[in-house]
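The structure appears right after this line, and notes come after that.
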Amino acid sequence: AAGVIQSPRHLIKEKRETATLKCYPIPRHDTVYWYQQGPGQDPQFLISFYEKMQSDKGSIPDRFSAQQFSDYHSELNMSSLELGDSALYFCASSLSRGGYNEQFFGPGTRLTVL
Amino acid sequence: AQSVSQHNHHVILSEAASLELGCNYSYGGTVNLFWYVQYPGQHLQLLLKYFSGDPLVKGIKGFEAEFIKSKFSFNLRKPSVQGSDTAEYFCAVRGTYKYIFGTGTRLKVLA
């Protein structure tokens with residue numbers, strides 16, 4: 001079965017650079033979630049989108065923005081990168097219609113900021 | 001406020017020992033609970049989930065968990081662990097849109 005796809009899988013950037021992470025949800029899923037997992041920490045919710053509209057917002061820095069496109073894929077844009085942004089960024093997707101919204105996680109993008 | 005607590009941050013067991021990891025949650029709505037496993041350098045994998053019905057849930061790799069509503073608990077168990085179970089385990093509760101994760105329990109199984 002198709003799973004959530006994230007690209008790139010690994011990304012190395014320098015401080016103050018920008019980065020764009022992409023997430024392709026499971027086909028027919030309408031909701032996308034972004035999580036950040038720092039080294040040795042639990043995943044923290046950043047932001048989610050349902051039908052291309054922001055549905056919930058967590059601890060996402062103002063330097064980050066995200067959107068969901070008409071094909072339901074999502075991009076997380078990160079600017080003015082800081083060392084502390086080094087983390088594993090997970091995307092998850094779900095089918096929210098009908099209320100059954102188990103999330104399926106992607107493999108993550110490991111971002112390293114030097 | 002919604003929250004998840006995992007009481008054991010680090011657990012070390014010998015092979016064939018029994019495992020129980022504690023998870024308590026705080027959430028006022030309909031409860032959906034999950035246990036995920038994360039092997040070193042890998043992504044989250046779903047072990048098992050509880051949505052409704054039988055409070056004793058069986059998952060993959062011989063894991064099971066019991067939902068006890070009166071105790072707000074969803075403890076993970078395995079009768080006999082193996083070296084391949086060395087990983088970090090996260091309990092999670094589904095909020096309105098997002099998942100709320102516990103801080104994780106690092107399990108190391110010694111041969």
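None of the figures in this text is laboratory data; all of them are computed from the coordinates on show. Note that this is a predicted model, so its numbers are computed, not measured. Every residue, glycine as well, gets a Cβ built from its backbone with ideal geometry; the counts of neighbours run over all protein chains shown.
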Members of segment A:1-19 found to be in a strand (DSSP E or B) and surrounded by fewer than 13 Cβ atoms within 10 Å (Cβ to Cβ), listed by number: A:10
Does segment A:51-66 contain any residue that is of a type in the set (A, V, I, L, M), away from chain B (no Cβ under 12 Å) and crowded, with 17+ Cβ neighbours inside 10 Å? yes
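I need the strands (runs of 3 or more DSSP E) fully contained in segment B:7-111, keeping only those with at least 1 residues that are away from chain A (no Cβ under 14 Å). First the steps, then the outcome.
Numbers: elements: B:10-14, B:19-21, B:24-26, B:33-38, B:45-50, B:56-58, B:64-68, B:73-78, B:87-94, B:99-101, B:105-110.
Hits in segment B:7-111: B:10-14, B:19-21, B:24-26, B:56-58, B:64-68, B:73-78, B:105-110.
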If you take the residues of segment A:34-54 that are polar (S, T, N, Q) and assigned to a strand (DSSP E or B), which of them is farthest from residue A:107 (Cα to Cα)? A:54
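Is it the case that residue B:111 is out of contact with any strand residue (DSSP E or B) (no Cβ under 7 Å at 6 or more places or on another chain) and farther than 29 Å from residue A:56 by Cα?
Details: out of contact with any strand residue (DSSP E or B) (no Cβ under 7 Å at 6 or more places or on another chain): yes; farther than 29 Å from residue A:56 by Cα: yes.
Taking the combined requirement at face value, the residue satisfies it.
For the structure I just gave you, tell me whether residue A:86 is farther than 22 Å from residue A:16 by Cβ and surrounded by 14 or more Cβ atoms within 10 Å (Cβ to Cβ). Walk me through it before giving the result.
On the way: farther than 22 Å from residue A:16 by Cβ: no; surrounded by 14 or more Cβ atoms within 10 Å (Cβ to Cβ): yes.
For residue A:86, the condition - farther than 22 Å from residue A:16 by Cβ and surrounded by 14 or more Cβ atoms within 10 Å (Cβ to Cβ) - is not met.
Considering A:105, A:69, which residue is surrounded by 14 or more Cβ atoms within 10 Å (Cβ to Cβ) and not β-branched (Val, Ile, Thr)? Before you say what the answer is, go through the steps one by one.
Details: A:69 fails: surrounded by 14 or more Cβ atoms within 10 Å (Cβ to Cβ).
Of the residues listed, the single one that is surrounded by 14 or more Cβ atoms within 10 Å (Cβ to Cβ) and not β-branched (Val, Ile, Thr) is A:105.
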Some residue of segment A:88-108 being more than 14 Å from every other protein chain (Cβ to nearest Cβ) and of a type outside the set (Val, Ile, Thr): no
If I ask for residues that are of a type in the set (S, T, N, Q) and touching a strand residue (DSSP E or B) at 6+ places or on another chain (Cβ under 9 Å), which ones from segment B:70-106 would you list? B:73, B:75, B:80, B:82, B:84, B:86, B:96, B:103, B:105
